[in-house]
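Engineer: Questions regarding the structure given below will be posed in turn.
The values are calculated or read from the model by the stated rules, or taken from the named source; none is laboratory data. Since we're looking at a predicted model, the values are computed, not measured. FYI the Cβ positions are ideal-geometry reconstructions off the backbone, even for glycines, and counts take in every protein chain you see.
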Amino acid sequence: MKMHLDEKIWLIISFGMIMGFMFFTGYQTFVLGMGPPSEMETIDPQRVDETAPFDEPGVYQIGENEYEVVMTLEIFSFNPGEIEIPAGSTVHFTMTSKDVTHGVQVAGTNMNAMVMPGHVQRITQTFREPGEYLMLCNEYCGTGHQFMATTITVK
Amino acid sequence: METARNISFTEKANKVLGISPKDAIISKSYLLVAFAALLIGGVLGLLQGLNRAGLFNLPTWFNYYQVLTAHGLLLVLVLTAFFTIGYFYAVLSHNLGGLLPKVRKMAWIGFGMKIFGFVLAVIPILLNQATVMYTFYPPMAASPIFYIGLVFIVLGVWMCAFGCFTQVANWRKNNKGQHVPILSYFATGVFVLLFFGSIPVAIEVFMIIPWALGWVETINVLVARTLFWAFGHTLVNIWYLTAVSAWYVVVPKLIGGRRFSDMLTRVVIIMLVVLNIPGGFHHQIIDPGIAESVKFLHVFMSLAIGFPSLMTAYAMFSVFEKTARKKGGKGVFSWFNKLPWGDVRFLAPMIAMIAFIPGGAGGIVQSTNQLNQVVHNTMWVVGHFHLTVGTTVVLTFFGISYWLVPFLSKRVLTPAINKLGVIQTIIWTTGMIFMAGAMHWVGLLGSPRRTSYTTYFDNATALSWDPYLFFLAIGGTLLMVGIILQVYAVVYLMFFAPKGETEFPIAEVENHATKTPYWTEKWGRIIVIMLLLIAMAYVIPLVEMIINAPPGSPPFQTW
Amino acid sequence: MNQFLFGFLLLVFLALPPVANLLESIMIVHMHMQMPLLVIAGFLMAYYFQKKYPAFFEKWNQRGYPGILLFSIIMIYWMLPRAMDDALTSQTVEIFKYISLPFLAGVPLRDSWAKLTSFLKNIVIISFTIMFIMMGLLYIAWPEQLCNNYLMIEQITLGWGFITMAACMVIYLVYNVLIDPMQYEGLAE
Amino acid sequence: MIKKQHTAIACFIVIVFGLVLLYTGTDGFTAYTAETARVNQLVNEQPEFPDVTFTDSQERTYSIAEFEDKYIFITFIYTSCGDECPLLEMNMGMVYDQIPENYLGEDIIFLSISFDPERDDPETLDVYKDMFHADGETWRMATITEQSELDALLEEFGVIVIPDGKGKFAHNSAFYLVDRQGHLKDIMDFTDVDSATQRVMTLLEAKEGE
């Protein structure tokens, strides 16, 4: 098949671009540990309240400037509802849903994860700047979906 | 060359007399349903846009999420599916010497099944018993009638797919050793994808129905979601492939040129068919229960679709440049002026193509792990598919309608309607720039998709989104104007325009083009390769999801 | 020449330690992606050898039997659970993998496939289908770990991988049986 | 005619090559999985039990010298295991019950070694011990707190332990028998209790006859 030189160059550039994207994604995921939230642990979605650690949702300090938030999601609220942490803290969220699929997103940060019934989801976020962060549900979950939100107060 | 004499009488008659009335009415019916869906879906879209911006309150008996479910179903499923089938059946009839009587029957049965299924699906939506969005993720459970409706829609689509295969097989038997005409080749690719792509959703629905009826207690949420996206992702690329068919074959003819290498065109189709279904996981990049390595594999599969698209970009601009230079265009860019910008049949698909440059780039962004995390489920995604499906695909469909509808109704495109079309295209483009632009931007700020108007208890961050949402409403209003003009044009061209002959524009290949190898016609092999790739993508995660499944979820009705 | 270059580049790419480690870290990818890609690399490179030593292939692989036999033996060897473990633990076996699959399986496959009658081709596909189904059932149903380096779940996944591959081959065979190419292709080719 | 011969010769060479390949690849058609090959090899080599420090359920620490001049019947486990280890320990208990009491502690010691020292502290082991009615003396449960020592033992005895990232391990299970000189004597199928008992009894009784 006859191919013009400019076409070959274009195809090589295209191929290189796609491979470049792949390379950077792989590098970030596997070397820098910036992979997307992909927790594999499962849980019985009908017995969340009786299963540790979700039997006691809350904010726990686990180290200097390090917190764990054990959170359950149900229509149309997050539990714990209020989170307060000092600036510069790293927060490890451990979440699961008691009913339908929800999404957790904190506006103004890169924190974004799906929370599905039957699956535990973990995501870590460091809050450097003080302020009020809006945490909301970004997966349609029912009539009150637009009210499913809370704030994270960083002092 | 013996086979050249085999061209049947009907085929010749078709070339001379245009499409047979029996075939025309099939395509006309499909197109009418498509544009009716556009009109209703558009009105619902406007209501949503206004509500989202906080300018308009929807009544409680017809709430935002109901409107959104109907809007998605009408535009994503009905408009696109009916247009594609109507268009490709016209292609098959024109290319392959008229539809066979049994194929015609299959098209009608398919039509009936889809309409029946659609009515079944809409009733529970109107009754607020299926407010689950067109993605219907379990464990949200709609009324079983909704899912049964979906089954009929899928069966109807399969009927049309088999109609196409029958028609093409028959033509090939009568034209041994020849290549299927290029547009029919596109049709084959599209229907192969429609058939195989809808198998996962059919499995999902068959999983859901007994659960929604209460015969089984729980459902595997993640498996259902994965099956949905194996289908959902393929679906959008089917519409894209349909639009691409017009770019490759029709647009060159309209600008008075030849089409790009036949071989490369077919290779692009094959690649789009083979690589498509395994890409679905980029909708699930931040889901739990799927390992990072599997997600990485799927980033590769998703990005691979970018390759044929970039090939297409090259092909199109190469055709434009060649044609315009032949007409005397000079310099690096001035040949651009030689293109027929005043012809809506060219203008609309051209803008569609241009829109695909940011649209495709946005797609690459979204299918990449870390970037996806920033925009997942925000308004950015909505902006993205209004740019790709709402502009690239739909504007190409509009462009097609200005010659396809008069071709079917044996009427002509009048200069007045052409002018209306140009205005419509400009309005549509402006509306989309406002709307999709605002959606992309506000999405980056964190505004979620699929959420009715809310300030989240007067949260400062949420309040700062309002100005962008206002732009969204302006865009939505312009689009509504565009829809009214478009539907008017279609109705006029179908029933009231002056009688006459309209040509079905199919460009010829270059004179000294290389011969296309025959393996491109061996669909059996192509399908096996496609199945192998699907297996590579889905065996690992599905086995993991099923073997290590958590206890299932019971149905919920949360609206 | 291009084909040889692509095949060679593919082989080099697959031999890069990070690529090899990534592909070998998942059992099914090791068997159903890395190994076939190695065969494909050889398949592409075969063209060069055929051009360079036509007499050798003509003389020793006249009707394609020895070639396809060699291909099958190499494939069978790599289907042993043992072989996969050994490739991970022993350097020698790993090197043997990178030589045997491209050059002892890929090259003879290309040379033989063109020479085999369609009847024999179908026989080869059928035997591999049967083998794959049996391997699949073995991997799915075996209650213990067959490979020490891989988890049980990966073993089951690999089993289903075999079954799906077999299903694809069955579809291809059915297609070959039901669709007579003469009806469509005629004499124009 | 000559050409036909060539094909025949080529086929013959290929088949011979194939047989050699498969023969060497499976240690003479005896080991189709690496596990079998490993067991065969270990039993042939009889590696010596390396020098490690055990910490048992009663918080005692000692080395392998503690069991000098006794057979040691060993399993490798971790207590958070859901399926395989309890079965392994139950079967071990069945072997234990069939050994006449006069041998226990004198000529043979039962030892369950945990490869998860992080979670399996003496208290955990103590609880686990009771679940299988092990007395903590003639059947002890212990772990090796020094990771390098533990790794050396696992390596030497060919025990493969892969964490699955969810707090569980994939591992191979078997009965290990170490002789009076501290060398690995045999690896036995843990699902076949009777054969294992038979084997142990033969060895124990052989001493009596001396």
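Engineer: Please verify whether region B:218-229 includes one or more residues that are part of a helix (DSSP H, G or I), at negative phi and free of Cβ contacts under 8 Å to residues at least 12 places away in the same chain. Talk me through it step by step, then tell me what you get.
Structural biologist: Taking region B:218-229 and keeping what is part of a helix (DSSP H, G or I), we get B:221-229.
Checking which are at negative phi leaves us with B:221-229.
With free of Cβ contacts under 8 Å to residues at least 12 places away in the same chain added as a condition, the list becomes none.
For region B:218-229, residues part of a helix (DSSP H, G or I), at negative phi and free of Cβ contacts under 8 Å to residues at least 12 places away in the same chain: absent.
Engineer: Right, here's the next one. Find all pairs meeting these conditions: Cβ atoms under 8 angstrom apart; at least six residues apart or on different chains; first residue within region A:42-56 and more than 20 Å from A:ILE75 (Cβ to Cβ); second residue assigned to a loop (DSSP other than H, G, I, E, B).
Structural biologist: Filtered contacts from region A:42-56: A:THR42/A:GLY118; A:THR42/A:VAL120; A:THR42/B:GLY289; A:THR42/B:ASN548; A:THR42/B:ALA549; A:THR42/B:PRO550.
Residue-by-condition table, conditions (1) surrounded by fewer than 16 Cβ atoms within 10 Å (Cβ to Cβ); (2) away from every other protein chain (no Cβ under 14 Å):
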{"position": "C:ALA41", "(1), (2)": "no, yes"}
{"position": "C:MET84", "(1), (2)": "no, no"}
{"position": "C:LEU88", "(1), (2)": "no, no"}
{"position": "C:VAL93", "(1), (2)": "no, no"}
{"position": "C:ILE99", "(1), (2)": "yes, no"}
{"position": "C:PHE103", "(1), (2)": "no, no"}
{"position": "C:THR117", "(1), (2)": "yes, yes"}
{"position": "C:MET135", "(1), (2)": "no, no"}
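Engineer: Working only within region B:483-524, note down all residues that are assigned to a helix (DSSP H, G or I) and surrounded by 20 or more Cβ atoms within 10 Å (Cβ to Cβ).
Structural biologist: The answer is B:ILE483, B:GLN486, B:ALA489, B:VAL490, B:LEU493, B:GLU521, B:TRP523.
Engineer: Quickly run through region C:1-39 and pick out the residues that are surrounded by 16 or more Cβ atoms within 10 Å (Cβ to Cβ), under 19 Å from C:ASP86 (Cα atoms) and not aliphatic (A, V, I, L, M).
Structural biologist: The answer is C:GLU24, C:HIS30, C:HIS32, C:GLN34, C:PRO36.
Engineer: Just to be sure I understand, how many residues within region B:181-217 are away from every other protein chain (no Cβ under 14 Å) and not in a helix (DSSP H, G or I)?
Structural biologist: Residues that pass the stated criteria total 5.
Engineer: Exactly one condition in (1) under 30 Å from B:GLY500 (Cα atoms); (2) within 14 Å of chain A (Cβ to nearest Cβ); (3) of a type in the set (Phe, Trp, Tyr) is false for B:TRP428; which is it?
Structural biologist: (2)
Engineer: Can you name the condition, by its number, that B:VAL332 falls short on among (1) out of contact with any helix residue (DSSP H, G or I) (no Cβ under 7 Å at 6 or more places or on another chain); (2) in the same structural domain as B:ASP466 (by TED's automatic domain parsing); (3) β-branched (Val, Ile, Thr); (4) surrounded by fewer than 24 Cβ atoms within 10 Å (Cβ to Cβ)?
Structural biologist: (2)
Engineer: Then there is this: If a residue counts only when it is over 30 Å from A:GLY35 (Cα atoms) and assigned by TED's automatic domain parsing to the domain that holds B:GLY475, which helices (runs of 4 or more DSSP H) contained entirely in region B:355-431 have at least 1 such residues? Don't jump to the end; show me each part of the working.
Structural biologist: Values: elements: B:369-375, B:379-387, B:394-409.
Passing ranges, in order: B:394-409.
Engineer: Is it the case that some residue within region A:66-73 is assigned to a loop (DSSP other than H, G, I, E, B), touching a Phe, Trp or Tyr at 6+ places or on another chain (Cβ under 8 Å), modelled with pLDDT of 90 or more and not hydrophobic (A, V, I, L, M, F, W, C)?
Structural biologist: There is no residue in region A:66-73 that is assigned to a loop (DSSP other than H, G, I, E, B), touching a Phe, Trp or Tyr at 6+ places or on another chain (Cβ under 8 Å), modelled with pLDDT of 90 or more and not hydrophobic (A, V, I, L, M, F, W, C).
Engineer: When you scan region A:19-45, how many residues do you find that are at the interface with chain B (Cβ under 7 Å from one of its Cβ atoms) and either of a type in the set (Ser, Thr, Tyr) or not in a loop (DSSP other than H, G, I, E, B) (or both)?
Structural biologist: Qualifying residue count, region A:19-45: 9.
For (1) hydroxyl-bearing (Ser, Thr, Tyr); (2) part of a helix (DSSP H, G or I), each residue gets a yes or a no:
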position	(1), (2)
B:ASP458	no, no
B:THR461	yes, yes
B:PRO467	no, yes
B:PHE470	no, yes
B:ILE474	no, yes
B:THR477	yes, yes
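Engineer: Now a separate question. Considering only residues that are farther than 13 Å from A:SER77 by Cα, within 7 Å of chain B (Cβ to nearest Cβ) and part of a strand (DSSP E or B), which ones fall in region A:94-111?
Structural biologist: Of everything in region A:94-111, just one residue is farther than 13 Å from A:SER77 by Cα, within 7 Å of chain B (Cβ to nearest Cβ) and part of a strand (DSSP E or B), namely A:GLN105.
Engineer: Taking the residues in region B:447-482 that are among the small types (Gly, Ala, Ser) and buried (at least 17 other Cβ atoms within 10 Å of the Cβ) as candidates, determine which candidate is nearest to A:CYS141 (Cα to Cα).
Structural biologist: That would be B:SER452.
Engineer: All but one of (1) within 17 Å of the chain's Cα centre (by Cα); (2) within 8 Å of another protein chain (Cβ to nearest Cβ); (3) aromatic (Phe, Trp, Tyr) hold for A:TYR67, so report the exception by its number.
Structural biologist: (2)
Engineer: Further, regarding this structure: Considering only residues that are facing another protein chain (nearest Cβ under 9 Å) and of a type in the set (S, T, N, Q), look in region D:14-41 and name the one that is farthest from C:GLN145 (Cα to Cα).
Structural biologist: Step by step, filter region D:14-41, then rank; the result is D:THR26.
Engineer: Pull up region B:517-559, narrow it to residues that are at the interface with chain A (Cβ under 9 Å from one of its Cβ atoms), of a type outside the set (A, V, I, L, M, F, W, C) and under 31 Å from the mean Cα position of the chain (by Cα), then point me to the one that is farthest from B:PHE136 (Cα to Cα).
Structural biologist: So in region B:517-559, the residues at the interface with chain A (Cβ under 9 Å from one of its Cβ atoms) come out as B:517, B:544, B:548-554, B:556-559.
Going one step further and asking which of them are of a type outside the set (A, V, I, L, M, F, W, C), we end up with B:517, B:544, B:548, B:550-554, B:557-558.
Right, trim to under 31 Å from the mean Cα position of the chain (by Cα) and you get B:517, B:557-558.
Details: B:PRO517: 44, B:GLN557: 12, B:THR558: 12 Å.
So, considering only residues that are at the interface with chain A (Cβ under 9 Å from one of its Cβ atoms), of a type outside the set (A, V, I, L, M, F, W, C) and under 31 Å from the mean Cα position of the chain (by Cα), the one farthest from B:PHE136 (Cα to Cα) is B:PRO517.
Engineer: Output the number of the condition that D:ASN102 fails; it satisfies all remaining conditions of (1) touching a residue at least 24 places away in the same chain (Cβ under 8 Å); (2) assigned to a loop (DSSP other than H, G, I, E, B).
Structural biologist: With respect to (1) touching a residue at least 24 places away in the same chain (Cβ under 8 Å); (2) assigned to a loop (DSSP other than H, G, I, E, B), D:ASN102 is out only on (1).
Engineer: Could I ask something else about it? In the list A:THR29, A:THR90, A:THR96, which residue meets the criterion of being within 16 Å of the chain's Cα centre (by Cα) and over 28 Å from B:ILE546 (Cα atoms)?
Structural biologist: None of the other options fit; the residue is A:THR90.
Engineer: Looking only at strands (runs of 3 or more DSSP E) that lie completely in region D:109-208, which have at least 3 residues being closer than 21 Å to D:THR55 by Cα and at pLDDT 85 or above? Give the steps one after another, and end with the answer.
Structural biologist: On the way: elements: D:139-144, D:161-163, D:169-171, D:175-178, D:184-188.
Here the list reads D:139-144, D:175-178.
Engineer: Which ones in region B:415-430 are farther than 24 Å from B:LEU387 by Cα and buried (at least 17 other Cβ atoms within 10 Å of the Cβ)?
Structural biologist: Within region B:415-430, B:ILE417 is the sole residue that qualifies.
Engineer: Report yes if some residue within region B:286-295 is more than 22 Å from B:ILE199 (Cα to Cα), at the interface with another protein chain (Cβ under 7 Å from one of its Cβ atoms) and modelled with pLDDT under 85; otherwise report no.
Structural biologist: yes
Engineer: Of all residues in region C:158-169, which are facing another protein chain (nearest Cβ under 8 Å) and under 18 Å from C:LEU80 (Cβ atoms)?
Structural biologist: Residues satisfying the conditions are C:GLY161, C:MET165.
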